[in-house]
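Accompanying notes for the structure given below.
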Amino acid sequence: MDRFDYTALPARIVFGPGTLERTADEVHRLGRSRVLLLAGPDLAAHGERLEKVLGPLLAGRFDGAAMHTPVEVTGRAIEELRRVDADCVVAVGGGSTTGLAKALAARTGVDQVILPTTYAGSEVTPVLGETSDGVKTTRSDPAILPETVIYDVELSAGLPQAIAVTSAANAMAHAIEALYSPQANPIIDGMALDAVELLADGLRALANGVDDLDVRSRLLRGAWLAGTCLGSVGMGLHHKLCHTLGGSFDLPHSPTHAVVLPHAMAYNAAAVPEVMDRIAVRLHTTDAPAASYDLVAAAGGPTSLDAIGMPADELDRAAELATATPYPNPAPVTRDGVRALLDDAQHGRRPASDPTLTASVGRLTGQVIRSFDAGDRPRLAGLARDLVRRLHGFALDNDLTQQEWQAGIDFLTRAGHITTDTRQEFILLSDTLGLSSVVDVLTNSRTPDGTSSAVLGPFYVEGPPELPQGADLSAGLPGVPLWADVTVTDPDGRPLPEAVVDVWQANQDGFYDVQLPDLDSPVLRGRLRTDGDGRLRFRSILPSEYPIPSDGPVGDLLTATGRHMFRAPHLHFLIAAPGHRELITQLFVKGGKYLDSDAVFGVKEDLVVDFAPRSGPMPDGTEVGGEWRELSFTFRVQPIQ
Ligand code: BEZ
Ligand code: FE
C-alpha cells in the first residue's frame, strides 16, 4: 500500500531556446519593477543582453558572486540592493550566482528570477549554502526558493563540453539519491527516473560527438527535474562524501560528483537492488553503477579522485570525516566501507558489483562496449555500443535460453539463404518489424510541407522500361481499368517539369512481375516523365491488397505470432525532380482492405486517396465498357537545400 508525504515546490518554470527574451515579462508577472541584475563570473555578455531586455526595469547590477556564497559578498550585494531600492533580483549564471540571489532573498525577501547556465539544479531548491570564515552552513526555507526559473537552452549551450559532462553527472547524482531517499515518493521517483534517462541520453550524445541544442535541451530538462528531486527529498552517502571532499580537501564540485557517483551507487546497490534495477532500465543496461561510470568515461569526464587533485594520503582522514556523524543511507555507512569506496574512487576503478547473474552480464556488456573505444569512427562506435547494450539487455531481461538463441541464429541464416537480387528477406524483416517505417519517419518527416514518404519495399527494380505519357502500364492484363493523372510540384505548388517518375504495382492477383517466373518482360512498372506543367498521365489497373512473400522465415514468424501478411492496396512511386529531393512513396486506395493493419506499417493518412469510380470513355478516349477508376494526385517534393 502506498503511503507517502509530498510537498510540491511552487516554482514557475519557463523552458526553451531564446526564453531570455521573456525576462522582463516574467518580472512584470511577479508585480516587480526594480531589478538588481546579478551576472555570474565570465557572463558579462549575458548580463549585457539582459540589461537590454530589462530596459527601464533595470535598477542596478552586481557581478561579484563567488563560489560557496561567502557572506562578505552577500553583504556587499545587499548594500547595492538597498542603494538602488530593488524589489527583484534577476540572476544569470551557475550555482554561485543562484546562491547569491538566494542569500539576498533569505535576508530581504526580494523575488528572484533565475537564468541558469549550468546543470547545478540549485535554482529549484529551497536550500542555501553559505560560507563564513571558511565554515559552510546550510539552511532550508521556502522563502529561499526562487519564484521563477527561465531555462534558456541557448545559455546552457555555452557551457563547455567538459563542464557540461561533470555538471550533468552532478545532476544525475541528485536524481539517483532521490530514488533511495527516506523521503522518496512516487511523484519524485517519476521525475528522478526521467531525469536519469534524459541526462544519460545527453551524456551518450556528447560521447558520440553529437552536441546541439536538442542534446542540450535534454540535459537541461534532466537537470531541472534532478534539481527538483534534490529540493524535495534528502540525499545520502554520495552527497555527504562530495560535501566532505569539496569542503575539506577543496576538490572541484561537479568533477567530484562525476567521480564518486558510480562508487556510491555500487556501495548501495546490494541494499536497494530494486532501485538499481529501475535506474538500469532507464540507462538501457543491467548494471547501473558500472553504466554510470561508463557514461562519464565515454563522455571524457574524470573517473578518478587522483585526477582531480585528491592526495592519496588523505583518504583515511576523508573516510573519518565522512562517517563522523550518522545520516540516512540505504547501506550502513561504515568507516572501513567508505575507506574502501574512496580507494576505488581514488584509483578510478570501474565499480565491480556482486557476483550475481546480472552483475556478470553487466561486466561482460561493459567489456564489449569498451572494446569499441579504439577506432576513429565515433558514430559507428556509438551505434555498435548501443546495439550491444540493448542486445545484452534483451537476452538478460528475457532470460534467453541457448535453444532460443540458436533458433534466432537459424532464422537469420535462413533469411540469408533465401535472399537474392530480387528477394530481400532482411528488408522484409525490417519492414514487418516496423523498423523501415521508423527510419523513414526519422529521415523524411522533418518537414511537414511535402508529400509523405513510404517504404520502398522489395519489388522495386532499377531502370524500369521508359514509357511515354499516356502509356498503359498493364499491357492488357485483366483488372479494373485505372486512369492516373498526377502532378509533381514544389512545396509552394510550382509545377516541376522533367521529373522522372517510376511507378510499380502488383497485378489483380497480388503479384509483382518479378514474382512471376513465366513473364519475360516487365509489366505494371515503368518510368515516365512529367510534361511542361509537371503533369503525368498513364493507364493501368486498380491495385488490390496482396500478401507479402510468405515462403521464408519472415512468413513463418508472422504465422507463428498470429499476424496476417497483407498489404493494403497501393501504387508505388519514386519521383526524382531536378534540384529536388527524391521522394519514395505509395498511394493507398481509400476504402481498401487492411488500411489499418498493413503488414509493413506503411500507411500514412495523407497517402490514402480516392480512386474515384467513373464510367464512359477515359479522358484519352479509351472505351472500357464498364466502371473504371480515376486517380488524381499532386506530389509535393522538397527542394535540395
Ligand atoms: C511492397 O509494397 O511492395 C512491399 C513493401 C514491404 C514489404 C513487402 C512488400
Ligand atoms: Fe507494394
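The values are calculated or read from the model by the stated rules, or taken from the named source; none is laboratory data. Every value quoted in this text rests on a predicted model; they were computed, and no experiment measured them. When we count neighbours, we look across all protein chains shown, and the Cβ atoms used for this are built from the backbone with ideal geometry, even at glycine. Calculation scope for accessible area: heavy atoms of the full protein, side chains included, ligands and nucleic acids excluded. Shrake-Rupley method; radii C 1.70, N 1.55, O 1.52, S 1.80 Å.
Brief remarks on what is shown
- Top-ranked residue in segment 207-247 [being farther than 29 Å from P142 by Cβ and of a type in the set (K, R); ranked as most open to solvent (accessible area, probe 1.4 Å)]: R218
- Among residues of segment 558-571 being open to solvent by less than 60 Å² (accessible area, probe 1.4 Å) and either touching a Lys or Arg at 6+ places or on another chain (Cβ under 9 Å) or in contact (Cβ under 8 Å) with a residue 60 or more places away in the chain (or both), the one that is nearest to ligand 1 (Cβ to nearest atom) is H570.
- The set of residues in segment 506-521 being open to solvent by less than 70 Å² (accessible area, probe 1.4 Å), within 16 Å of ligand 1 (Cβ to nearest atom) and assigned to a loop (DSSP other than H, G, I, E, B) consists of A506, N507, G510, Y512, L516.
- Lone unmet requirement of (1) at pLDDT 95 or above; (2) surrounded by fewer than 23 Cβ atoms within 10 Å (Cβ to Cβ) for A66: (1)
- Of residues in segment 590-605 being hydrophobic (A, V, I, L, M, F, W, C) and within 13 Å of ligand 1 (Cβ to nearest atom), the one farthest from L456 (Cα to Cα): A599
- The strands (runs of 3 or more DSSP E) falling completely within segment 84-189 that include 3 or more residues that are over 23 Å from the mean Cα position of the chain (by Cα) and of a type in the set (A, V, I, L, M) map to 88-93, 111-116.
- Count of segment 522-540 residues which are over 44 Å from the mean Cα position of the chain (by Cα), within 16 Å of ligand 1 (Cβ to nearest atom) and part of a strand (DSSP E or B): 1
- Unmet requirement for L251, which otherwise passes all of (1) within 22 Å of E320 (Cα to Cα); (2) within 23 Å of the chain's Cα centre (by Cα); (3) part of a loop (DSSP other than H, G, I, E, B); (4) of a type in the set (A, V, I, L, M, F, W, C): (2)
- When N329 is tested against (1) open to solvent by less than 20 Å² (accessible area, probe 1.4 Å); (2) in contact with a Leu (Cβ under 7 Å, 6 or more places away or on another chain), just one condition goes unmet, and that condition is (1).
- The listed residues are R3, R12, R22, R32, and the only one of them that is among the basic types (K, R) and modelled with pLDDT under 95 turns out to be R3.
- Some residue of segment 572-586 being surrounded by fewer than 18 Cβ atoms within 10 Å (Cβ to Cβ), within 16 Å of ligand 1 (Cβ to nearest atom) and at pLDDT below 95: no
- Residues in segment 85-97 that are touching a strand residue (DSSP E or B) at 6+ places or on another chain (Cβ under 9 Å) and open to solvent by 10 Å² or more (accessible area, probe 1.4 Å): D85, A86, D87, G94, G95.
- Per-region count, segment 559-570, residues within 16 Å of ligand 2 (Cβ to nearest atom) and out of contact with any strand residue (DSSP E or B) (no Cβ under 7 Å at 6 or more places or on another chain): 1
Conditions (1) surrounded by fewer than 19 Cβ atoms within 10 Å (Cβ to Cβ); (2) under 20 Å from G393 (Cβ atoms); (3) among the basic types (K, R), marked per residue:
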residue	(1), (2), (3)
P252	yes, no, no
H257	no, no, no
H263	no, no, no
M276	no, yes, no
A288	no, yes, no
G300	yes, no, no
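- Candidates are the residues of segment 337-353 that are more than 33 Å from the chain's Cα centre (by Cα) and touching a residue at least 12 places away in the same chain (Cβ under 8 Å); the one that is farthest from G234 (Cα to Cα) is D343.
- Search result, residues across segment 446-493 that are open to solvent by less than 20 Å² (accessible area, probe 1.4 Å), within 16 Å of ligand 2 (Cβ to nearest atom) and assigned to a loop (DSSP other than H, G, I, E, B): S453, A454, V455, G457, F459, P464, L473, S474
- Tally, over segment 124-150, of residues that are open to solvent by less than 20 Å² (accessible area, probe 1.4 Å) and touching a Pro at 6+ places or on another chain (Cβ under 6 Å): 3
- Scanning segment 483-532 for residues that are at pLDDT 95 or above and of a type in the set (V, I, T) gives V486, T487, V488, T489, V500, V501, V503, T530.
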